[in-house]
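**Q** First the structure, which I've put down as structure tokens, then a few questions once you've had a look.
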Amino acid sequence: MPLPKGIVRVYKEDKDGSLQFIGEDQIDHTPKDEKFKLKIGEAFDVIGERIQTDYRQISPNLYEVGFDVSLRNHKQENVNVIVEEPVPGDWEILSNSHPYEKLSARMIRFNVPVAKDQEVKVKYKIRYRF
């Protein structure tokens, strides 16, 4: 169904069956069968930190770079965290600790389950050329 431009409010049912407001965002006019994204807030109890762990220049336009993304879940429930990483130039993943999806020529996505009160590290090494 097409959606008009405006505010979208999101509610979640709690344990008692009452609806609790969890956030809102603005959308533009959206045609039927098209996707849109809502940013309805930040999770303060799920933390992500990205660290560059390696950097090597192989030749004037060829580089290898390693990253660790630490995900910590302080919630009392398991969560699924989506990590979207920008990738420059002509690239290839050399190693990865979790499966990834190529979203576009410049973006990859890791879909990472993180158990309650646990930490998961997503590690990957990428080779890119400019």
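The values are calculated or read from the model by the stated rules, or taken from the named source; none is laboratory data. All values derive from a computational prediction rather than experimental measurement. All Cβ positions, glycine included, derive from the backbone under ideal geometry; neighbour counts span all protein chains shown. Heads up: the accessible areas ignore ligands, DNA and RNA and are worked out on the full protein's heavy atoms, side chains in. Shrake-Rupley method; radii C 1.70, N 1.55, O 1.52, S 1.80 Å.
**Q** Give the accessible surface of the chain per residue, rounded to a whole number of Å², with probe radius 1.4 Å and ligands, DNA and RNA excluded.
**A** Ligands and nucleic acids excluded, the figure is 72 Å² per residue.
**Q** Set the bar at 20 Å for Cα to Cα. Now go through 35/75; 37/121; 12/37; 5/32 and name every pair that lies beyond it. All intermediate terms of the calculation are to be shown ahead of the outcome.
**A** On the way: 35/75 29 Å; 37/121 26 Å; 12/37 17 Å; 5/32 13 Å.
Check vs 20 Å cut-off fails for 35/75; 37/121.
**Q** I'd like the Karplus ³J(HN,Hα) series for region 83-90: coefficients 6.51, -1.76, 1.60, θ = phi - 60°, whole numbers in Hz, and an x wherever there's a Gly or Pro.
**A** Values, residue by residue: 10, 9, 10, x, 10, x, x, 8 Hz.
**Q** Estimate the FRET efficiency between residue 15 and residue 119 by the formula 1/(1 + (r/R0)^6), using the beta-carbon distance for r and 25 Å for R0, to the nearest 0.05.
**A** Values: r = 27 Å, r/R0 = 1.08.
Using R0 = 25 Å, I get an efficiency of 0.40.
**Q** Give the value in nm², to one decimal: projected area of the alpha carbon convex hull of region 1-107, averaged over all directions. Could you put the intermediate results ahead of the total?
**A** Details: hull surface 41.1 nm².
Mean shadow area of the hull around the Cα atoms is 10.3 nm².
**Q** Now for a separate question. Semi-axes, largest first, in whole Å: what does sqrt of 5 times each Cα gyration tensor eigenvalue give for region 7-49?
**A** Numbers: eigenvalues 106, 63, 16 Å².
Output for region 7-49: semi-axes of 23, 18, 9 Å.
**Q** What length, rounded to one decimal in nm, is gained on full extension from residue 28 through to residue 74, with 0.36 nm per residue of separation minus their alpha-carbon distance? Write down the numbers at each step before the final one.
**A** Working: separation 46, 0.36 × 46 = 16.56 nm, distance 3.40 nm.
Stretched fully, the residue 28-residue 74 segment lengthens by 13.2 nm.
**Q** Just subtract the alpha-carbon distance of residue 62 and residue 7 from 0.36 nm times their residue separation and send over the number in nm, one decimal. Walk me through the intermediate numbers first.
**A** Working: separation 55, 0.36 × 55 = 19.80 nm, distance 4.51 nm.
Taking residue 62 through residue 7 to full extension adds about 15.3 nm, to one decimal.
**Q** I've got another one for you. Summarise the accessible area of region 1-44 (1.4 Å probe, protein heavy atoms) by the percent that is carbon and sulfur. Kindly include the intermediate steps, with their values, before the conclusion.
**A** Working: 2200 of 4120 Å².
Reported share for carbon and sulfur atoms: 54 percent.
**Q** Beta carbons within 10 angstrom, averaged per residue: use that to sort the peptides 115-122, 47-54, highest first. Spell out each step's value before the answer.
**A** Details: 115-122: 14.0, 47-54: 11.2.
Highest mean packing first, the order is 115-122, 47-54.
**Q** I need two numbers for region 46-130: Rg to one decimal and Dmax as a whole number, Cα atoms only, in Å.
**A** 14.0, 48
**Q** Ignoring ligands, DNA and RNA, what percent of the 1.4 Å accessible area of region 67-130 is carbon and sulfur? Provide the component values of the computation, followed by the final result.
**A** Details: 1750 of 3780 Å².
Ligands and nucleic acids excluded, carbon and sulfur give 46 percent.
**Q** Gain in length, residue 38 to residue 101, computed as 0.36 nm per residue apart minus the alpha-carbon separation, to one decimal in nm? Write down the numbers at each step before the final one.
**A** Numbers: separation 63, 0.36 × 63 = 22.68 nm, distance 2.06 nm.
That works out to 20.6 nm of additional length.
**Q** Report, in whole Å, the centroid distance computed from the Cα atoms of region 1-37 and region 65-130.
**A** Here the answer is 27 Å between Cα centres.
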